[in-house]
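What follows is one structure encoded as structure tokens, with my remarks underneath.
The values are calculated or read from the model by the stated rules, or taken from the named source; none is laboratory data. The structure displayed is predicted, hence computed values, not measured ones. Quick reminder, even Gly has a Cβ in these numbers, built from the backbone with ideal geometry, and neighbours come from all protein chains shown. For the accessible areas, the whole protein counts, side chains as well, though only heavy atoms, and no ligand, DNA or RNA atoms are used. Shrake-Rupley method; radii C 1.70, N 1.55, O 1.52, S 1.80 Å.
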Amino acid sequence: MDDKLRIGKWEFSSRLMVGTGKYPSNEVMKDALDASGAEVVTVAVRRVDLSNPQDSLLAHIDTSRYTILPNTADCYTVEEAVRTAHLAREALGTELIKLEVIGDKKTLFPDTRALLEAARILLEDGFTVLPYTNDDPVVALKLEELGCQAVMPLAAPIGSGLGIRNPYNLRIILESVSVPVIVDAGVGTASDAAIAMELGCDGVLMNTGIAGAKDPVRMARAMRLAVEAGRLAYLAGRIPKKLYATASSPIKDF
């Protein structure tokens with residue numbers, strides 16, 4: 001069955017994207033990435049030494065196996081985000097960018113006005129922009145109208161592990177946009193990932209939920225299976241919910 005995740009000119013078999021921060025060691029990170037089955041891994045551009053990739057986190061990522069998705073984490077202004085995206089493209093040779101413009105240090109919620117402006121600039125500069133945004137259907141639609149090739153609404157605050165806090169807004173976003181919807185931030189365990197996929201989301205991106213687990217490698221495998229199971233359940237079509245029972249083997253005339 002052809003069920004690829006398509007973002008711009010890219011296509012992926014795995015619908016799980018994984019971050020590279022917060023692991024106990026680079027070896028654990030490598031093993032977790034392998035267990036996750038992910039094809040896309042995110043790297044925080046402002047937290048690695050792009051001037052010397054062979055002596056940084058990037059040296060521990062097999063770029064022949066994984067597509068690097070640089071992100072503009074820790075950027076609080078349009079100018080910072082745009083400059084960081086250009087540094088990533090120059091150093092890594094990719095126009096893919098996960099765009100973050102943070103508006104509040106405590107919640108790490110996005111500054112949606114700045115996000116829209118930064119997205120407009122980067123799209124005009126030829127980037128494939130995957131914006132981290134809140135779960136606002138109006139903002140998601142505006143990002144698509146600008147030309148973003150996907151939208152990445154949060155499920156809950158970054159690193160919180162609270163899971164899907166507002167499935168209803170995610171459903172409205174799914175009904176409103178035609179580009180892939182990838183849940184980003186807040187996933188804490190496998191059931192959270194499965195719920196996101198069962199809603200019809202096209203993918204899930206996570207970091208802390210795996211890296212912060214007691215056993216990141218096992219959690220990575222659990223997340224892989226959850227994303228696959230949730231996707232299959234969505235495609236299969238669940239039975240409608242009913243208040244009363246319906247016999248699974250109704251009695252017929254003999």
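Pairing each residue of segment 226-246 that is closer than 14 Å to CYS201 by Cα with any residue that is loosely packed, with under 11 Cβ neighbours inside 10 Å and not aromatic (Phe, Trp, Tyr), provided the two are 6+ apart or on different chains, yields C-beta distances under 8 Å for ARG231/ASP3; LEU235/ASP3. Only one of the numbered conditions (1) at pLDDT 95 or above; (2) crowded, with 17+ Cβ neighbours inside 10 Å; (3) not aromatic (Phe, Trp, Tyr) is not met by GLY126, and that is (2). Is there a residue being of a type in the set (D, E, K, R), open to solvent by 40 Å² or more (accessible area, probe 1.4 Å) and closer than 22 Å to PRO70 by Cα anywhere in segment 213-225? Yes - at least one qualifying residue is present in segment 213-225.
Cβ separations smaller than 9 Å between residues 6+ apart or across chains give the following pairs from segment 4-25 residues that are under 19 Å from ARG224 (Cβ atoms) and without any contact (Cβ under 8 Å) to a residue 40 or more places away in the chain to residues that are among the acidic types (Asp, Glu) and surrounded by fewer than 22 Cβ atoms within 10 Å (Cβ to Cβ): LYS4/GLU11; SER13/ASP3; SER13/GLU39.
Take LYS106 and decide whether it is of a type outside the set (Ser, Thr, Tyr), at pLDDT below 95 and under 28 Å from LEU57 (Cα atoms). Against the criterion (of a type outside the set (Ser, Thr, Tyr), at pLDDT below 95 and under 28 Å from LEU57 (Cα atoms)), LYS106 qualifies.
The set of residues in segment 113-167 that are in contact with a Pro (Cβ under 7 Å, 6 or more places away or on another chain), assigned to a loop (DSSP other than H, G, I, E, B) and of a type in the set (Val, Ile, Thr) is empty. With the condition kept exactly as written, say whether any residue in segment 110-118 is open to solvent by 10 Å² or more (accessible area, probe 1.4 Å), closer than 22 Å to GLY209 by Cβ and not small (Gly, Ala, Ser). The answer is yes, given that some residue of segment 110-118 is open to solvent by 10 Å² or more (accessible area, probe 1.4 Å), closer than 22 Å to GLY209 by Cβ and not small (Gly, Ala, Ser). When VAL101, VAL139 are checked against the criterion of being open to solvent by less than 30 Å² (accessible area, probe 1.4 Å), touching an Asp or Glu at 6+ places or on another chain (Cβ under 6 Å) and either under 21 Å from MET197 (Cβ atoms) or not hydroxyl-bearing (Ser, Thr, Tyr) (or both), a single residue qualifies: VAL101. Of the residues making up segment 40-94, those that are among the small types (Gly, Ala, Ser) and either on the phi > 0 side of the Ramachandran plot or at pLDDT 95 or above (or both) number 3.
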